[in-house]
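Visitor: Starting off with a structure, shown below.
Bear in mind these aren't lab numbers, they're just calculated from the coordinates by the rules spelled out. All values reported here derive from a predicted model rather than from experimental measurement. Virtual Cβ from ideal backbone geometry, glycine too; neighbours counted across all protein chains shown.
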Amino acid sequence: MRRPLNIGVSLIGGRHQYLHIVPVVAALSRKPGVGVTIFVLSQEEQTHAEAMLASFDAAPCTFVIMEISRWMRALTARLMGISHPKLPALLQWARAMRRCDAILTSERTTTVLKSLPGACPALIHIPHGAGDRAKGFEKRIKCFDLVIVAGPKDKRRMIDAGVVRPDNCLVSGYIKLAAVQKRATLSPPRLFDNDRKTILYNAHFAPALSSWDACASALIKAVKQDGRYNLIVAPHVRMFENEPLHSASRSALEQLAEKDRVIIDLGSERCSDMTYTNAADLYIGDVSSQVYEFAAHPRPCIFINAHHQDWENDPDYAMWRFGAVIEGVDDIIAAIDRSFATFSDFEDIQRQAILDAFNGAPDNAPEIAADQILDFMHHQAG
């Protein structure tokens, strides 16, 4: 008889990552002979994770709040210049975490556990998102013993980047999409009390890649003045994560909202739970992986090349084949009108890309990933 397994979960990457991993944790918790210990940074994160686990019918899990001593925070700030709580928490709680039989995570800072003295259990990684940026295929992935990706596209790129082997990288389907579909009603939420088409503007947070600084204000102004479309402005949740709730810049943006015309959302749950990608009729963005979530049900897209990238043969911009690419927003209304009119030129491209990115988008992707993890662990144990 096999002894019970204790799977540790490093849930420290932020709430926007939860839907990529919590559904798998729920599936694991229901398996016989499996215990789950979830490591979080705060009581608030535990409360949020518990609510999500309950929505996926999870069995009871053990939570550990990784409280950080003042001396550890000061030491890491002094020696490494790092004050963010993730690394100090991992260093202080490494011994407890490494008592687990394996550690599952959706982020990569947890790989520091492999570099510390002493034995480390297997590290298992489920990336958060299925986008095209090279950062998604970076060298820390080599530290993981098992990587579970959404589709063949990511597996190919990770193998090509030399960060996984064919035998330690498995394909599950897109966990977040399967989880959202399981919880969703039959139709998207009605965000506007009118019949106008809805535009989603979803800018990335990294200044070197994002269209936000150059284009956000002009885009909002143009769509409002045109008056024929609803607009949702929902940049990546990290865009304003360090901005005080009542700062002047945040308040100025939020004041641009208009009832039944314009939603300005700078970081609510809806920015990452697919509410907006499901509800919109057209997507405007730059390099955010959320475009893949939008294109799971193909619709028109526009991409803003605000930094004038030579993108056409660059795999980091593969998603820009989903629609028109523009250099700025001076003629954004005309671009929107053209995108609706010419969508048939891109529909099959989107469908084929989603098959490749999401492996056909199986609705049981979390259960597939949970079984893959247990098969791996049992094989490790012999």
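Visitor: Suppose the chain between His246 and Phe205 were pulled fully straight at 0.36 nm per residue; how much longer would it get relative to their current alpha carbon spacing? Intermediate values should be presented prior to the final figure.
Guide: Working: separation 41, 0.36 × 41 = 14.76 nm, distance 1.95 nm.
Residue separation times 0.36 nm, minus the Cα-Cα distance, leaves 12.8 nm.
Visitor: Measuring from label point to label point, each 7 Å out along Cα→Cβ, what is the Asp226 to Ser268 span in nm?
Guide: Using points 7 Å along Cα→Cβ, the separation is 2.4 nm.
Visitor: Any idea what the relative contact order of the stretch 197-358 is, in percent, if you count C-alpha pairs under 8 Å spaced at least 6 apart? Walk me through the intermediate numbers first.
Guide: On the way: 264 pairs, mean separation 41.2, N = 162.
Relative contact order, the stretch 197-358: 25 percent.
Visitor: Right, another one. Answer rounded, prolate or oblate for the stretch 1-56, using the Cα gyration tensor with square roots of eigenvalues a ≥ b ≥ c: rounded when a/c is under 1.5, else prolate when a/b is larger than b/c, else oblate.
Guide: Verdict is prolate for the stretch 1-56.
Visitor: Between Ile65 and Arg156, what is 0.36 nm times their sequence separation minus the Cα-Cα distance? Round to one decimal in nm.
Guide: Values: separation 91, 0.36 × 91 = 32.76 nm, distance 3.65 nm.
Taking 0.36 nm per residue and subtracting the Cα distance, the gain is 29.1 nm.
Visitor: Putting +1 on Lys and Arg Cβ atoms and -1 on Asp and Glu Cβ atoms, find which of Phe63, Trp320, Met274 reaches farthest to the positive end of the dipole of the chain.
Guide: So the residue furthest toward the plus end is Phe63.
Visitor: Need the full-extension length gain, Ala134 to Asp330, defined as separation in residues times 0.36 nm minus the C-alpha distance. One decimal, nm.
Guide: Values: separation 196, 0.36 × 196 = 70.56 nm, distance 2.95 nm.
Gain on stretching Ala134 to Asp330: 67.6 nm.
Visitor: Enter the angle in degrees (range 0 to 90, nearest 10) between the Cα long axis of helix 332-341 and the first principal axis of the Cα atoms of the chain, meaning the one along which they spread out most.
Guide: Taking Cα atoms only, the helix is inclined about 80 degrees.
Visitor: Between the stretch 281-360 and the stretch 25-47, how far is it from one alpha carbon centroid to the other, in angstrom?
Guide: When both Cα centres are located, 36 Å separates them.
Visitor: Helix 70-80 versus the longest principal axis of the chain: what angle, 0 to 90°, nearest 10, using Cα atoms?
Guide: 70 degrees
Visitor: With +1 on each Lys and Arg Cβ and -1 on each Asp and Glu Cβ, how big is the dipole of the chain about its Cα centre, in debye rounded to the nearest 20? Please report the intermediate quantities before stating the final value.
Guide: Details: 42 positive and 44 negative charges, 307 e Å.
Here the chain has a charge dipole of around 1480 debye.
Visitor: On to the next question. Sorted by packing (mean other beta-carbon atoms within 10 Å per residue), highest first, where do 218-226, 284-292 land? Working shown, then result.
Guide: On the way: 218-226: 16.2, 284-292: 26.0.
Result, highest mean first: 284-292, 218-226.
Visitor: On C-alpha positions alone, give me the angle between the axis of helix 18-29 and the longest principal axis of the chain, in degrees, nearest 10.
Guide: Helix 18-29 and the main axis of the chain meet at about 40 degrees.
Visitor: Of Lys182/Lys224; Lys155/Lys176; Lys135/Lys224, which sit over 29 Å apart, Cα to Cα?
Guide: On the way: Lys182/Lys224 35 Å; Lys155/Lys176 17 Å; Lys135/Lys224 35 Å.
Pairs exceeding the cut-off: Lys182/Lys224; Lys135/Lys224.
Visitor: In the set (1) 24.0; (2) 17.1; (3) 19.8, which value of mean projected area of the Cα convex hull in nm² was calculated from the structure you see?
Guide: The value matching this structure is (3).
Visitor: Which chymotrypsin sites (Phe, Trp or Tyr not before Pro) in the stretch 125-195 pass both tests, a DSSP loop state and at most 12 other beta-carbon atoms within 10 Å?
Guide: Values: sites: Phe137, Phe144, Tyr174, Phe192; in loops: Phe144, Tyr174, Phe192.
Sparse-neighbourhood loop chymotrypsin sites (Phe, Trp or Tyr not before Pro): none present.
Visitor: Moving on to the next point. Restricting to Cα pairs below 8 Å that are 6+ residues apart, what does the relative contact order work out to for the chain? Please round to a whole percent.
Guide: Details: 671 pairs, mean separation 64.5, N = 382.
Value for the chain: 17 percent.
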